[in-house]
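A short worksheet on the structure shown next.
The values are calculated or read from the model by the stated rules, or taken from the named source; none is laboratory data. Bear in mind the structure is a predicted one, so any value in this text is a computation, not a measurement. Because the Cβ atoms are built from the backbone with ideal geometry, glycine has one as well, and the counts that use them run over all protein chains shown.
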Amino acid sequence: MRSSFVDKKDGGGVLVAITKKLISKRVTQWESNNECLWIIIKNGLSEASRQMVLCAIYLPPPVHLLSLEHFIDNCNYVFENCNVGDVVLIGDFNLGAINWDRGQHSTLPSTCQSFLDFIDMNKLTQQNVIKNPSGRLLDLVLTSEALSSHICEASNSLSDIDKLHPPLDINIYFKKEYKLPYNSSNTRPNFYRADYSRIIELLEEQNRESLFAGLDVNEMVNVFYDVVHGIIRECIPLLKSKSNKYPQWFNKEIIRCLKEKNNLRRRYKKYNNPMDHLQLKLVGRRCQKLAATLYNTYLEHIEEKIKENPKLLWTHIRNKRGGTSAYPKIMTDGLTVSSDSVEISSLFANYFCSMYSPNLEKDVTCLNNYLNSLRNNSQLLVIPTIAQEIVQIKLEGIDSRKSAGPDGIPPIFIHSCASALALPLTLIFNSSLSSGIFPTAWKTARVVPIHKSGNDDLIANYRPISILSTFAKIFESLVCPYVQHHLKLYLSEDQHGFVGRRSTTTNLLGFTESLVQSIDSGEQYDVIYTDFTKAFDKVSHSLLTYKMSVYGIEGPLLAWFNSYLSDRSFSVVLNGSQSKEYPITSGVPQGSHLGPVLFNLFINDVVSSFLFSRVFMYADDLKFARVIKCDHDAELLQSDLDRFIKWCESNKMHLNTKKCIHVKFSRKLRTINFNYHIGEELLKEVETVRDLGVIFDKKVTFIPHIDSIVGSAARALGFVIRNVRSFRHASTKTVVYNSLVRSILEYCSVVWRPHYATHCLRLERIQKRFLWHLAYSVGKTSQLRSYESRLKYFNINSLALRRDLIDLLFLYKLIRGKIDSACLLGLFRFRAPSRIPRATITPLCPPLRKTVLGSYSPVCRLCKVLNSCSDVVDINFDSYPKFYGAVLKYLKSNL
């Protein structure tokens, strides 16, 4: 198969030769004006055969943007409308300006940027790493994610070798997926078809305070469970458990049709009867037509129920994303290889158990003076008696769609029987607090392994997700607000994780402003990033109990927390199989309400280690920094690092020294070099770092971050366009786009917002592509030619306008106390009116800065954007809805 331009005398053209052992077909209607071939290749006729689409392309140099975009648009049309499946794009693209080893996309020509965005949007991977003698990659091999490849330089060639194009030997493989079978019991209770009026009657018959007379809290819980489980066995109907291999939208008719089709196929293969073949075609067409009708009806139902039950939409999207909980058939922990689900669950349990520290009594006398100074000055935490009405409100407010905990009682049962369960649970909760004993039955967790990254057959690449009893979580949710309110008196202002009205944005904004101020002054800003090893799992129970006593938790309440932490256990549940129970000897309970609060309490005194630097924390994510003017400043920063290491040793927290790094932020030509170290190990110096999801580079340009999020958003957009095209309403597609794509482009935009037009256009290009898809889906591409007309028609705001809106809303929340950060608020200088009634003045005074970077710092920008609209809003008096509406109207009027 060959394609070339006939008017060319020599050079160019595309030739593809395919062995007759494979079934191949050229698809000329997919081919564009470029020199390219589109070919469908199959490795057999059976249902188990795989299909691959091959596109061979030649783009003659120099590659013009118009020619490349024509090829890209053609590829996008094929991918979106033809259900091509596995794809390989191969050929001479002549885009040698792209450095595939480095990811600096924003500095590339527009042709290269468009091509890289196309790769990201369609989740393609560039596989070729063999460069020509000039050190460039002109011949590219792009594959979809379901394919893998091995590429090497060919030892034999079919023609004379062009030095700029070394011959390649390319092997393409289909990834095989073997999944561990699911072991399930034959029956299970169907809580959604229960007679809850009858269940409430039976529970209320047992609701007597004498039921728990003379019992301790553990006996009370056992009696409570005996009653509840007995009623469940009596009143909850059983449902047969069966694995459903068909999609959710299938019905009995199409299943019968498919079975008939399979029977006809087997009969035709056996007897080779032409009548069977004809009937097979007819039944196959009927199946296709019926499947299309059912699928469209299913999508219409999703769109109709999107406001009442959005879970239908997101379940559909998750299924499309391949979000499966299936595990590989064979798994290993590095030593043992197994295909048995029970043995694999035990391997997981052993691995997760190794994360915990041994339960040893720790001498607390080595702890710092900061804690000792608090011991006699802290207020006592008091938790009043829990009222039955409060318990009932909690029971009625739980999310009934969640799954059951280790006790097998799901939230739907608890929610439906809230009035009858409130009294016994109130008695148990109050008895537990007064006796200082947390019920043993609620200390058991069910752990589900979730894949993080890397090979999915390696157990170390999974993290545990802990599922607790719903009753235990309700109990914790009643205690937690008192603990949070009490600890607010002592919690460091530098801690932004798991603290109300603080977030990653408040953490990064304070850090960025401090960083930009230093660089604007011409200084060097050294930052050390630390990394704890399994911080939440390594917390020493004895040390945590001691620190609680320091912070005013004493008496029965301290005993209750000690009981809450100790003697906990977990078991791993994997595909219906369950390991034995393993003890939890350290750490705060995962998946609990109190766990994050207790961790913040434990790590709070670490701030006393930093005498000469500023520290920024988000839970266990900790960094500290100092302006470096001379070697002595660097030595002071190292001394803070040394004190921090001593704190870790005293508190039995372990650092992952390989992941601890430092960055020298500066725009000076000559910087001060200093070898920061942990013990004898030098910290690695890097030029970029991902900090709470935002990539900082040493010159604070945020170009690597913009490149990263544009790539991520393009991949997400490709998924959205491929999988929402069957929906009829543009509003449904917009909901999915806003959640999966726009959220990537706007995360922490207050921190990294670009001010150069080229970066703003790169971000806006993502939304332009989505709006083109919307216009195409409603047949209005010719009427809505401009980006602005499409924004107006679909009632969508540009990303630039939304960044202004996000800035203003963040500032409103900060000034009005909806964001709790005195340090951030202190960065803003307010202008006070000299007389009443007030003269028209701008409310904020932007700080004076020397550089362009400084003038576009978050604080300067926020001051300017608020001052620009101060005539139409009053940030001190306007309600949030009024402020939002006035600001949005003002921004739209100034486009």
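Name the one entry in I393, I437, I414 that is outside any helix (DSSP H, G or I) and at pLDDT 95 or above.
On the way: I393 fails: outside any helix (DSSP H, G or I); I414 fails: outside any helix (DSSP H, G or I).
Sole residue among the options that is outside any helix (DSSP H, G or I) and at pLDDT 95 or above: I437.
Checking each residue in the stretch 485-516 for being assigned to a helix (DSSP H, G or I), at pLDDT below 95 and of a type in the set (S, T, N, Q) picks out no residue at all.
Filter the stretch 291-309 for residues that are outside any helix (DSSP H, G or I) and surrounded by 13 or more Cβ atoms within 10 Å (Cβ to Cβ); which is farthest from the chain's Cα centre (by Cα)? Write out each step before concluding.
Within the stretch 291-309, the first condition is being outside any helix (DSSP H, G or I), and the residues that meet it are 305-309.
Now narrow it down to the ones that are surrounded by 13 or more Cβ atoms within 10 Å (Cβ to Cβ): 305-306, 309.
Details: K305: 26, I306: 23, N309: 23 Å.
Residue satisfying both the conditions and the ranking: K305.
Exactly one residue among E219, E201 is under 26 Å from K443 (Cα atoms), in contact with a helix residue (DSSP H, G or I) (Cβ under 9 Å, 6 or more places away or on another chain), surrounded by 12 or more Cβ atoms within 10 Å (Cβ to Cβ) and among the charged types (D, E, K, R), and that residue is E219. Within the stretch 396-411, the set of residues being over 18 Å from R446 (Cβ atoms) and in a helix (DSSP H, G or I) comprises just one member, E396. Among the residues of the stretch 369-389, is any aromatic (F, W, Y) and either surrounded by fewer than 17 Cβ atoms within 10 Å (Cβ to Cβ) or modelled with pLDDT of 95 or more (or both)? Checked the stretch 369-389: at least one residue is aromatic (F, W, Y) and either surrounded by fewer than 17 Cβ atoms within 10 Å (Cβ to Cβ) or modelled with pLDDT of 95 or more (or both). Annotation: Y246 fulfils all but one of (1) within 30 Å of L312 (Cβ to Cβ); (2) free of Cβ contacts under 8 Å to residues at least 24 places away in the same chain; (3) assigned to a helix (DSSP H, G or I); (4) not basic (K, R); the unmet one is (3).
When the residues of the stretch 314-368 are filtered to those that are among the aliphatic types (A, V, I, L, M), modelled with pLDDT of 85 or more and assigned to a helix (DSSP H, G or I), which remaining residue is surrounded by the fewest Cβ atoms within 10 Å (Cβ to Cβ)? Spell out the reasoning first.
So in the stretch 314-368, the residues among the aliphatic types (A, V, I, L, M) come out as 317, 326, 330-331, 335, 337, 342, 344, 347, 349, 355, 360, 364, 367.
Filter again for modelled with pLDDT of 85 or more, leaving 317, 330-331, 335, 337, 342, 344, 347, 349, 355.
Among the residues that remain, those that are also assigned to a helix (DSSP H, G or I) are: 317, 342, 344, 347, 349.
On the way: I317: 19, V342: 15, I344: 28, L347: 23, A349: 22.
By that ranking, first place goes to V342.
Tell me, please, whether a residue that is over 26 Å from V615 (Cα atoms), aromatic (F, W, Y) and surrounded by fewer than 17 Cβ atoms within 10 Å (Cβ to Cβ) can be found in the stretch 847-868. Taking every residue of the stretch 847-868 in turn, none turns out to be over 26 Å from V615 (Cα atoms), aromatic (F, W, Y) and surrounded by fewer than 17 Cβ atoms within 10 Å (Cβ to Cβ).
When the residues of the stretch 701-712 are filtered to those that are assigned to a helix (DSSP H, G or I) and free of Cβ contacts under 8 Å to residues at least 60 places away in the same chain, the one that is surrounded by the fewest Cβ atoms within 10 Å (Cβ to Cβ) is H705. Checking A460, A422 one by one, the residue that is under 23 Å from L574 (Cα atoms) and either part of a helix (DSSP H, G or I) or at pLDDT below 95 (or both) is A460 and no other.
Tell me, please, whether a residue that is part of a helix (DSSP H, G or I) and either closer than 30 Å to Q379 by Cβ or touching a residue at least 12 places away in the same chain (Cβ under 8 Å) (or both) can be found in the stretch 444-456. No; the residues of the stretch 444-456 include none that is part of a helix (DSSP H, G or I) and either closer than 30 Å to Q379 by Cβ or touching a residue at least 12 places away in the same chain (Cβ under 8 Å) (or both). Among the residues of this structure, I467 counts as one that is crowded, with 18+ Cβ neighbours inside 10 Å, under 29 Å from S403 (Cα atoms) and touching a Gly at 6+ places or on another chain (Cβ under 6 Å).
For the stretch 439-469, the set of residues classified as touching a helix residue (DSSP H, G or I) at 6+ places or on another chain (Cβ under 6 Å) and aliphatic (A, V, I, L, M) consists of A441, I459, listed by residue number. Of the numbered criteria (1) assigned to a helix (DSSP H, G or I); (2) closer than 24 Å to E300 by Cα; (3) among the aromatic types (F, W, Y); (4) touching a residue at least 60 places away in the same chain (Cβ under 8 Å), the one F727 fails is (1).
In this structure, is N562 in contact with a His (Cβ under 6 Å, 6 or more places away or on another chain) and on the phi < 0 side of the Ramachandran plot? Reasoning before the result, please.
Numbers: in contact with a His (Cβ under 6 Å, 6 or more places away or on another chain): no; on the phi < 0 side of the Ramachandran plot: yes.
Against the criterion (in contact with a His (Cβ under 6 Å, 6 or more places away or on another chain) and on the phi < 0 side of the Ramachandran plot), N562 does not qualify.
With buried (at least 19 other Cβ atoms within 10 Å of the Cβ) and modelled with pLDDT under 85 as the only criterion, which of S32, S110, S3, S46 stands out?
Working: S32 fails: buried (at least 19 other Cβ atoms within 10 Å of the Cβ); S110 fails: buried (at least 19 other Cβ atoms within 10 Å of the Cβ); S46 fails: buried (at least 19 other Cβ atoms within 10 Å of the Cβ).
Step by step, each of S32, S110, S3, S46 is checked, and only S3 is buried (at least 19 other Cβ atoms within 10 Å of the Cβ) and modelled with pLDDT under 85.
Looking across the stretch 178-223, just one residue is among the β-branched types (V, I, T) and modelled with pLDDT under 85, and that is T187.
Regarding the stretch 748-757, can at least one residue be identified that is out of contact with any Cys (no Cβ under 7 Å at 6 or more places or on another chain), within 28 Å of K733 (Cβ to Cβ), in a loop (DSSP other than H, G, I, E, B) and not hydrophobic (A, V, I, L, M, F, W, C)? Looking through the stretch 748-757, at least one residue is out of contact with any Cys (no Cβ under 7 Å at 6 or more places or on another chain), within 28 Å of K733 (Cβ to Cβ), in a loop (DSSP other than H, G, I, E, B) and not hydrophobic (A, V, I, L, M, F, W, C).
For the stretch 679-700, the tally of residues that are surrounded by fewer than 18 Cβ atoms within 10 Å (Cβ to Cβ) and outside any loop (DSSP other than H, G, I, E, B) stands at 7.
For (1) in contact with a Phe, Trp or Tyr (Cβ under 7 Å, 6 or more places away or on another chain); (2) within 20 Å of T505 (Cβ to Cβ), each residue gets a yes or a no:
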site	(1), (2)
R849	no, no
V859	yes, yes
S870	no, no
P881	no, no
Y884	no, yes
Y890	no, no
N894	no, no
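Against the criterion of being in contact (Cβ under 8 Å) with a residue 12 or more places away in the chain, in contact with a helix residue (DSSP H, G or I) (Cβ under 7 Å, 6 or more places away or on another chain), under 25 Å from I703 (Cα atoms) and in a loop (DSSP other than H, G, I, E, B), I98 qualifies.
Restricting attention to the stretch 621-646, report how many residues are closer than 18 Å to K538 by Cα and surrounded by fewer than 20 Cβ atoms within 10 Å (Cβ to Cβ). Steps first, answer last, please.
First, pick out the residues of the stretch 621-646 that are closer than 18 Å to K538 by Cα: 621-622, 644-646.
Pick out the ones that are also surrounded by fewer than 20 Cβ atoms within 10 Å (Cβ to Cβ) and you get 621, 645-646.
Qualifying residue count, the stretch 621-646: 3.
Return the residues of the stretch 38-70 that are of a type outside the set (F, W, Y), assigned to a strand (DSSP E or B) and in contact with a helix residue (DSSP H, G or I) (Cβ under 9 Å, 6 or more places away or on another chain); say none if nothing qualifies. Give the steps one after another, and end with the answer.
Restricting attention to the stretch 38-70, the residues satisfying the condition of being of a type outside the set (F, W, Y) are 39-57, 59-70.
From what's left, assigned to a strand (DSSP E or B): 39-42, 51-57.
Listed by number, the residues that qualify are V53, C55, I57.
I'd like to check something: does the stretch 714-726 contain any residue that is farther than 18 Å from L799 by Cβ, among the aromatic types (F, W, Y) and at pLDDT below 95? Within the stretch 714-726, one or more residues are farther than 18 Å from L799 by Cβ, among the aromatic types (F, W, Y) and at pLDDT below 95.
Out of the residues in the stretch 586-625 meeting the condition of being charged (D, E, K, R) and touching a strand residue (DSSP E or B) at 6+ places or on another chain (Cβ under 6 Å), tell me which one is farthest from L636 (Cα to Cα).
From the stretch 586-625, those charged (D, E, K, R) are 605, 614, 620-621, 623; that's our starting set.
From what is left, the residues that are touching a strand residue (DSSP E or B) at 6+ places or on another chain (Cβ under 6 Å) are 614, 620, 623.
On the way: R614: 12, D620: 23, K623: 15 Å.
Only one residue fits best here, namely D620.
Residues that are of a type outside the set (A, V, I, L, M), touching a helix residue (DSSP H, G or I) at 6+ places or on another chain (Cβ under 9 Å) and under 30 Å from R502 (Cβ atoms): list the helices (runs of 4 or more DSSP H) wholly contained in the stretch 764-882 that include at least 1 such residues. Ranges flagged: 799-815, 822-825, 852-855, 858-868. Pairs are defined by a Cβ separation below 8 Å, a sequence spacing of at least 6 or placement on different chains, a first member in the stretch 17-39 that is over 26 Å from V63 (Cα atoms) and in contact (Cβ under 8 Å) with a residue 12 or more places away in the chain, and a second member that is part of a strand (DSSP E or B) and among the hydroxyl-bearing types (S, T, Y); the pairs so defined are I18/S24. Residues in the stretch 102-155 that are under 20 Å from L54 (Cα atoms), acidic (D, E) and part of a helix (DSSP H, G or I): D120 only.
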